[in-house]
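Participant: Following this message is one structure expressed as structure tokens.
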Amino acid sequence: MSTQFPRYTEETYVRNSQKGLPADSILAAQQIINEVRTDGDKGLNACIQRYEQRSADRLFVPKSELQAAFLSLPSETQSVLERAANRIRQFAEAQKSCLHPLKTQVDGGEAGHFLAPVKRAACYAPGGRFPLPSSVLMTAVTAKVAGVEHVMLVSPSAHKIMLAAAWVADADSFLYAGGAHAVAAAAYGTQTIVPVDIIVGPGNKWVTAAKQLVSGTVAIDMLAGPSELVVLADHTANPAIIAADLLGQAEHDPDAIPILVTCSNALINAVEKELETQLTKLSTAAIARISLTNGGSILCSSMKKAIQMVNDIGPEHLELQGPEAENSVNALTNYGGLFIGAGAAEVFGDYGVGPNHVLPTSGTSRYTGGLSVFDFIRVRTWLELSDTEGIRTLIDDTVKLAEAEGLSAHAASAAVRRKDQT
């Protein structure tokens, strides 16, 4: 077979763990950030000319142009964008409905929290090989549902469908710039750009490096690596569907990682044959063939071992196909997005069935999840103590702990609130 889709066993496969960004990418991103931070619009314009190789005659695309781009699309394309945005919006609204202000009784009074969205967000949408209006919708719609006051779409692509998607998402502005220089401008501001509070969305290694470097000055969602799909399948799964899904992942770019985990050698054989057949009809076969070599099939001795393998990989996307695989949901602990059953293709997640497609990669799902309204909302706690009798024990405990730490002013601050203090 001419298609190279490596074969592994549970003993021979080594998880593609997060290795960190290349040092040269971080150094280059830092130099770009310094230039924009120091020179403002002048530095940003120079970077646009240098790295995007185009005129920087304007930084922002006016909203009227976003609307015009939308109206110029065929009505069918307009409807598709609107339906996708509505599905993303409905899911984000359902997520937001899980959040509520809190008030609870504590010794001597009440405590709780308020919920408040950040004021300004930058939503990055890559340019890359193809326009990605889905990334515009996934980030900007979610931010708007969270209640962000100003959502700035940031992209090196002014493709008509990207502008149209920004209009459908109700983005407040569109910064026509990409790369580390756009991240720097969003984080630190320039003479014409107001700095934001959070930067979200996927990008190339320079964008990711820049996000890492500005994190702390602003919030970020995550550091995204190559896109991943793991299909966990039992012997009953349909090899044609599995192959189609693996290729859907593989065509993203040459660094994508498509993986099949199964206990069935016969299924592996059948999937390999399907991959070759389907590749002959695929316009993006050249990219997909490269990506297939990054992944492969992993033959496990039992479903228990297969589940352990999947949890160790912690993939961005995880599909479960076949009854035995589908019944393992509760045993699976690490993944960005879960797709249960042969009908739940990962590509439906890419294009806005509801849950967000900005997801953790490279095993980082062990400590973080995908983009959601929660990323844009701050939880601010409060405390009100008005019952001086009720806080007597609290005062005593605070004094003792402060004295144990050697912080006498802390102890005095609590002690002065004793009712019998003179």
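The values are calculated or read from the model by the stated rules, or taken from the named source; none is laboratory data. Computed from a predicted structure; not experimentally measured. Counting neighbours? That spans all protein chains shown, and the Cβs are built from the backbone with ideal geometry, glycine included. Note: accessible area is taken over every heavy atom of the protein model, side chains too, but ligands, DNA and RNA are not part of it. Shrake-Rupley method; radii C 1.70, N 1.55, O 1.52, S 1.80 Å.
Participant: What ranking do 42-48, 255-261 get when scored by the average of other Cβ atoms within 10 Å per residue, highest first?
Facilitator: Working: 42-48: 20.3, 255-261: 25.1.
Taking the mean over residues of other Cβ atoms within 10 Å, the ranking is 255-261, 42-48.
Participant: For D197, enumerate residues with amide H under 5 Å from its amide H, sequence gap 5+ or separate chain, H modeled in the peptide plane.
Facilitator: Residues meeting the criterion, in which the H sits 1.01 Å from N, are R120, A121, A122.
Participant: So what's Rg/Rh here for the stretch 116-214, counting alpha carbon atoms and using the Kirkwood radius for Rh?
Facilitator: Radius of gyration relative to Kirkwood radius: 0.93.
Participant: Rounded to the nearest 0.05, what FRET efficiency is calculated for E403 and V194 with R0 set to 41 Å and r the Cβ-Cβ distance? Kindly include the intermediate steps, with their values, before the conclusion.
Facilitator: Values: r = 47 Å, r/R0 = 1.14.
Efficiency computed from Cβ-Cβ geometry: 0.30.
Participant: Please turn the phi angles of the stretch 181-189 into ³J(HN,Hα) values with the Karplus equation 6.51 cos²θ - 1.76 cosθ + 1.60 (θ = phi - 60°), one per residue in order, whole Hz, x for glycine and proline.
Facilitator: For the stretch 181-189, the Karplus-derived couplings read 5, 5, 4, 4, 4, 5, 6, 9, x Hz, x marking Gly and Pro.
Participant: Which three semi-axes in whole Å describe the equivalent ellipsoid of the stretch 1-124, each the square root of 5 times a Cα gyration tensor eigenvalue, listed largest first? Intermediate results must be reported in sequence, preceding the final value.
Facilitator: Working: eigenvalues 256, 201, 147 Å².
So the three semi-axes of the stretch 1-124 are 36, 32, 27 Å.
Participant: I've got another one for you. Between L59, L223, L81, find the one with the highest GNM mean-square fluctuation for the chain; connect C-alpha pairs within less than 10 Å.
Facilitator: Most flexible of the set in this elastic network: L59.
Participant: Now for a separate question. Any chance you could tell me what percent of the C-alpha pair distances in the stretch 242-395 go past 19 Å?
Facilitator: Every Cα pair in the stretch 242-395 considered, those over 19 Å come to 61 percent.
Participant: For the stretch 115-129, just list the computed ³J(HN,Hα) in residue order, Karplus coefficients 6.51, -1.76 and 1.60, θ = phi - 60°, integers in Hz, with x standing in for Gly and Pro.
Facilitator: Using θ = phi - 60°, the values come out as 10, 9, x, 5, 7, 9, 10, 10, 10, 8, 10, x, x, x, 6 Hz.
Participant: For the chain, what D do you get in µm² per second when you plug the Kirkwood radius from alpha-carbon pairs into Stokes-Einstein at 10 °C and 1.306 mPa s?
Facilitator: In µm²/s, the coefficient rounds to 66.
Participant: Assuming 1.002 mPa s and 20 °C, estimate D for the stretch 298-389 with Stokes-Einstein, Rh taken as the Kirkwood radius over Cα pairs, in µm²/s.
Facilitator: Roughly 139 µm²/s, to the nearest whole number.
Participant: Using only Cα atoms, locate the centre of the stretch 293-329 and the centre of the stretch 149-189, then give the distance between them in Å, rounded to an integer.
Facilitator: Result: 37 Å between the Cα centres.
Participant: What is the helix-to-structure angle for 23-39, meaning the angle in degrees between its Cα long axis and the longest Cα principal axis of the chain, kept from 0 to 90 and rounded to the nearest 10?
Facilitator: The helix 23-39 is inclined about 50 degrees to the chain.
Participant: Enter the accessible area per residue of the stretch 250-328 (Å², integer; probe 1.4 Å; all protein chains in place).
Facilitator: Value for the stretch 250-328: 39 Å² per residue.
Participant: Once amide H atoms are built 1.01 Å from N in the peptide plane, which residues 5 or more positions from A342, or in another chain, come under 5 Å H to H?
Facilitator: G322
Participant: Please report, to two decimal places, log10 I(q)/I(0) for the stretch 343-401 at q = 0.12 Å⁻¹ as given by the Debye formula with identical point scatterers on the Cα atoms and no solvent.
Facilitator: -0.59
Participant: How large is the Rg to Rh ratio of the stretch 202-307 when both quantities use alpha carbon positions and Rh follows Kirkwood? Can you show the working numbers first?
Facilitator: On the way: Rg = 16.6 Å, Rh = 15.1 Å.
Checking Rg against Rh, the ratio lands at 1.10.
Participant: Can you give me the distance in nm between label points at R380 and R129, each placed 7 Å from the Cα along the Cα-to-Cβ direction?
Facilitator: 4.6
Participant: May I ask you to give the solvent-accessible area per residue for the stretch 68-139, in square angstrom, as obtained with a 1.4 angstrom probe?
Facilitator: Working: 3790 Å² over 72 residues.
Accessible surface, normalised per residue, equals 53 Å².
Participant: Then there is this: Quantify, in whole percent, the carbon and sulfur part of the accessible surface of the chain (1.4 Å probe; protein heavy atoms only).
Facilitator: Of all accessible area on the chain, carbon and sulfur atoms account for 53 percent.
Participant: With angles folded into 0 to 90 degrees, how steeply does helix 133-146 sit against the dominant principal axis of the chain? Use alpha carbons for both and round to 10.
Facilitator: For helix 133-146, the angle is close to 20 degrees.
Participant: What is the set of long-range amide H partners of V231 at a cut-off below 5 Å, with H atoms built 1.01 Å from backbone N?
Facilitator: I259, L260, V261, E319
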